[in-house]
Amino acid sequence: MAPKTMQPHVLVVDDEPAIRDMLLFALQRAKFKVTPVASARAALVAITESRPDIILLDWMMPEISGYDFTRRLRRDPQTADLPIIMLTAKTEEDDKVAGLDAGTDDYIVKPFSPRELVARINAILRRSSSADEDGVIHAGELKLDTLSRQAFSGDQNIHLGPTEYRLLHFFMSNPGRAYSRNQLLDHVWGQSVYIEERTVDVHIRRLRKALQPFGYDALLQTVRGHGYRFSKAQTAVNA
């Protein structure tokens, strides 16, 4: 992963000129470098010319939707690690979950506060910066490759679903701290996604099941009465 510049580069992809202009003004005011484009095809050209640090992507666009564009970026090893925030007027829970499962890192419903958007961007950039120059986050022999969006135990691939990958990415980027279920919903699913807390438990169980054959399930600790935390200590046990 290329080192972050002092001025993070945001690629704005939205077919509405008024939205592009608003985002350009708000993000430049927040000291971001901004490249606004009107379509997914133009975004591909922009990415080739100057790789952004994060993409703000409208869901409803002509020709190639934001949903399909996200899936395309995630399939390409050159863009698989690019952080993406989906911007959309869709409010149904199924739409939000579909967007996240396609590989977006966060989901914001229009209309939104520019101040909240800047906070979301900064939070994702902080998580992304936890990887080394090769885009890898380490916890002993457990490795998370943010370029291919895969997990490994040594050279063995650990098969994860999209949500389990995002959970593990968040935990490995923020080890040692306990997070409540509500906090995990906000950080991993996004603050605009209204789903039940038990959804967190379901995906935690799936993540532990995927890690268990490699002996890493104990790194994901239950904090009784609160939520969960991730320990990099190989001898971790549940609290």
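The values are calculated or read from the model by the stated rules, or taken from the named source; none is laboratory data. Note that this is a predicted model, so its numbers are computed, not measured. In this analysis, Cβ positions are derived from the backbone assuming ideal geometry, glycine residues included, and neighbour counts consider all displayed protein chains.
Among the residues in the range 207-215, are any at pLDDT 90 or above, loosely packed, with under 14 Cβ neighbours inside 10 Å, out of contact with any Lys or Arg (no Cβ under 6 Å at 6 or more places or on another chain) and in a strand (DSSP E or B)?
Within the range 207-215, none of the residues are at pLDDT 90 or above, loosely packed, with under 14 Cβ neighbours inside 10 Å, out of contact with any Lys or Arg (no Cβ under 6 Å at 6 or more places or on another chain) and in a strand (DSSP E or B).
Would you point out the residue of the range 88-109, among those that are assigned to a loop (DSSP other than H, G, I, E, B) and surrounded by fewer than 16 Cβ atoms within 10 Å (Cβ to Cβ), that is modelled with the highest pLDDT?
A89
Hey, can you tell me all the residues within the range 21-46 that are without any contact (Cβ under 8 Å) to a residue 60 or more places away in the chain and of a type in the set (G, A, S)?
A38, S39, A40, A42, A43, A46, listed by residue number.
So the check is Cβ under 7 Å with 6+ separation or different chains; which pairs have a first residue in the range 168-187 that's in the same structural domain as A151 (by TED's automatic domain parsing) and modelled with pLDDT of 85 or more and a second one that's acidic (D, E) and part of a loop (DSSP other than H, G, I, E, B)?
R181/E197; N182/E197
Mind checking which residues of the range 66-87 are of a type outside the set (F, W, Y) and either assigned to a helix (DSSP H, G or I) or over 15 Å from the mean Cα position of the chain (by Cα) (or both)?
G66, D68, T70, R71, R72, L73, R74, R75, D76, P77, Q78
Just name the residue that is surrounded by the fewest Cβ atoms within 10 Å (Cβ to Cβ) out of those in the range 151-170 that are over 12 Å from the mean Cα position of the chain (by Cα) and within 16 Å of D105 (Cβ to Cβ). If you could, list the steps in order and put the result at the bottom.
Residues of the range 151-170 over 12 Å from the mean Cα position of the chain (by Cα): 151-161.
Still in the running and within 16 Å of D105 (Cβ to Cβ): 160-161.
Details: L160: 20, G161: 13.
Here the residue is G161.
Condition first: part of a loop (DSSP other than H, G, I, E, B), under 21 Å from the mean Cα position of the chain (by Cα) and not polar (S, T, N, Q). Now tell me which residues in the range 31-52 satisfy that.
Result: F32, R51, P52.
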